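Q: Have a look at this one before I ask anything.
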Amino acid sequence: MNKLPQDIILSPVVSEKGTQLLKDNKYLFKVSPTSGKVEIKKAVEELFKVKVDRVRTMWVKGKRKRSRGRAIVKTPNWKKAIVRLKEGETIEELGV
C-alpha cells in the first residue's frame, strides 16, 4: 500500500535546535510512526521539489503533564526526521 507524501510528512518542527540546524542545510519534520527513511526521502523530494542527501530518524519520548490538578497524563511518543538536503537546495515554503 503506497502512502501519500502528506500522510508521511505530518508537519515541520519549529524549535531552537531546528533553526540552528538550518545552517547545515538540515530540516526537522514530524513524520508518521510507521514510515521508513526511504519513504521519508521520497515524500520530501515530492512535496518540496528538492534533492535529499540523508535522512536520520529518531523517537521523541512523550512527556508527563499535569491535567486538572492531580491527574497526570502522558503525551504520546512521536517520530522525528532530520533531513539533510544536497548542496544548494533549500525549502522556501517553510519561510526560511
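The values are calculated or read from the model by the stated rules, or taken from the named source; none is laboratory data. These numbers were taken from a predicted model, which means no experiment stands behind them. Cβ placement follows ideal geometry from the backbone for every residue including glycine, while neighbour counts extend to all protein chains displayed. Note: accessible area is taken over every heavy atom of the protein model, side chains too, but ligands, DNA and RNA are not part of it. Shrake-Rupley method; radii C 1.70, N 1.55, O 1.52, S 1.80 Å.
Q: Taking all protein chains as present, what is the carbon and sulfur share of the accessible area of the chain, in % to the nearest whole number, probe 1.4 Å? Intermediate results must be reported in sequence, preceding the final value.
A: Numbers: 3530 of 7060 Å².
Ligands and nucleic acids excluded, carbon and sulfur reach 50 percent.
Q: With everything on Cα atoms, drop me the angle between helix 37-48 and the longest principal axis of the chain, reported from 0 to 90° to the nearest 10.
A: It is inclined by approximately 70 degrees.
Q: Taking the solvent-accessible surface of protein heavy atoms with a 1.4 Å probe, what is the per residue accessible area of the chain in Å²? Could you put the intermediate results ahead of the total?
A: On the way: 7060 Å² over 96 residues.
Roughly 74 Å² per residue, with all protein chains present.
Q: Can you list, bin by bin at 5 Å, the percent of alpha carbon pairs in the chain, starting at 0?
A: With 5 Å bins starting at 0, P(r) equals 2, 12, 23, 22, 16, 9, 7, 5, 3, 1, 0.
Q: With each pseudo-label sitting 7 Å past Cα toward Cβ, what's the residue 10-residue 53 distance in nm, one decimal?
A: 2.8 nm
Q: Let me ask something else about it. By its C-alpha gyration tensor, with a ≥ b ≥ c as the square roots of the eigenvalues, how is segment 55-96 shaped: rounded for a/c under 1.5, else prolate for a/b larger than b/c, else oblate? Please list the in-between numbers first.
A: Values: a/c = 7.31, a/b = 2.62, b/c = 2.79.
Oblate, because a/c is 1.5 or more while a/b does not exceed b/c.
Q: Show me the ranking of peptides 19-31, 82-94, 38-50 by mean Cβ neighbours inside 10 Å, starting with the highest. Before the final figure, lay out each step's value.
A: Values: 19-31: 15.8, 82-94: 14.2, 38-50: 17.8.
Order by mean packing, descending: 38-50, 19-31, 82-94.
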